[in-house]
Amino acid sequence: MDFKDMELPGGNRNFIGYGRSVPKVKWPDGAKVVINLVLNYEEGSEFSLPSGDNRQEGFTEYDYPAMDPRYRDLAAESVYEYGSRAGVWRLARLFDRYGIKITVSACAVALKRNPEVASWIVEAGHETMAHGWRWSELWLMSREEEKEEIRRAVADIEQMTGQRPVGWNSRYGPSVHTRELLVEDGGFVYDSDAYNDDLPYFVDVNGKQQLILPYTKTYNDTRFIIAQGFSQPDDFVNTCMAGLDLLYEEGETHPKMMSIGLHARIMGQPARAAALRDFMEHALNKPGVIFMRRIDIANWWLEHHKEFTSE
């Protein structure tokens, strides 16, 4: 007797993917591994009492459950301010030093609170991927509320950067409506609301093909602030290096993609930024490893995926 999931909003689960027939991808310059650095810029868009919310953001350097939500958590607020005041600029200097173009997954309100960050993104040639109007939990919204969240995010990011975002990444994960709304919008080239593969792939959304660029919770600096995560900078370096080195071996025959998630308030701390520096130097010293923005990966895949053979 076959086991079948119930038909629920949000699409069917897929446990097979490419299976044994992994595409033999041909990346630019014959690269074995393409790395995309994603800087999540959320500072100022998180939940807080000054923003009119009835709760405070709990995702900070450490959990302090005794904090009464009726009162402002000035400590948590200042952690987020660090990312905007200092962390983002430390990381910006690193990317500039090594000439690496990244994707900035930005909440519109965060950019509006610090317009210089929006200016830096444009001047440095980075990509802005929409991360919501605020750092919102989309699954708590109605379909119409989420549609308005997406609309406002697109409009304000375009206003701040002069460029419409064509990629989307939800906080933690999407709602059951998110992907349909992105396709209905018609202006998104890809979304990154999945963690289920090492390569881009297409899904059918109401008869339209949507390109998915999977993201990561593994190579992600949030593991510095969650239980049983990274306890010291070397943990991040070793994890990312080990992942890259194995993908590099596989890339001899089947080139891959690697995403790395960063946050201004987390990786922007000096010790952690040093770890990121060490990893970038390791990657740059490996022939056949290149860094690309997410939109460049998406466009390459759209233009060339029919040329990729599989075995």
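The values are calculated or read from the model by the stated rules, or taken from the named source; none is laboratory data. Just so we're clear, the structure is a prediction, and the values are computed from it rather than from any experiment. Reconstructed Cβ throughout: ideal geometry from the backbone, glycine too, with neighbour counts over all protein chains shown. Heavy atoms of the whole protein, side chains included, go into the accessibility calculation; ligands, DNA and RNA do not. Shrake-Rupley method; radii C 1.70, N 1.55, O 1.52, S 1.80 Å.
For this structure, a couple of remarks:
- Per-residue extension of 0.36 nm, minus the Cα-Cα distance of E249 and W89, leaves a gain of 54.2 nm for this segment.
- Working from label points 7 Å from Cα in the Cα-to-Cβ sense, the T216 to S142 distance is 4.0 nm.
- Rolling a 1.4 Å probe over the protein heavy atoms leaves E7 with an accessible area of roughly 150 Å².
- Inter-probe distance in nm under a simple model that places probes 7 Å from Cα toward Cβ, at R13 and A227: 2.4
- Relative contact order, percent, the chain [alpha-carbon distance under 8 Å, six or more residues apart]: 29
- Value of relative contact order over region 1-160, rounded to a whole percent, pairs C-alpha under 8 Å and six or more apart: 23
- Order of exposure, largest accessible area first, which applies to T309, T178 with probe 1.4 Å: T309, T178
- Most fluctuating residue given options Q209, Q228, Q163, as computed from a GNM of the chain linking Cα atoms under 10 Å: Q228
- Radius 10 Å from Cβ of L37, net charge of other residues (Lys, Arg +1; Asp, Glu -1): +3
- Once both labels are positioned 7 Å from their Cα atoms along Cα-to-Cβ, the gap between E123 and D63 label points is 4.1 nm.
- Taking region 165-190 and a reference point 7 angstrom along Cα→Cβ of N206, the backbone N atoms nearer than 15 Å belong to 176-188.
- Based on Cα contacts under 8 Å between residues 6+ apart, region 109-236 shows a relative contact order of 18 percent.
- Packing, as the average of other Cβ atoms within 10 Å across residues, places the peptides 260-266, 214-220, 288-294, 13-19 in the order 260-266, 288-294, 214-220, 13-19, highest first.
- Nonlocal Lys pairs with alpha-carbon distance under 23 Å, the chain (8 or more apart, or different chains): 23
- Taking each residue as 0.36 nm, the span from D185 to Y71 lengthens on full extension beyond its C-alpha to C-alpha distance by 37.2 nm.
- Loop GluC sites (Glu not before Pro), region 191-275 (other Cβ atoms within 10 Å of the site Cβ: 11 or fewer; DSSP): E252
- Bridge orientation summary for the chain: considering DSSP beta bridges with both residues in this region, about 20 percent are antiparallel.
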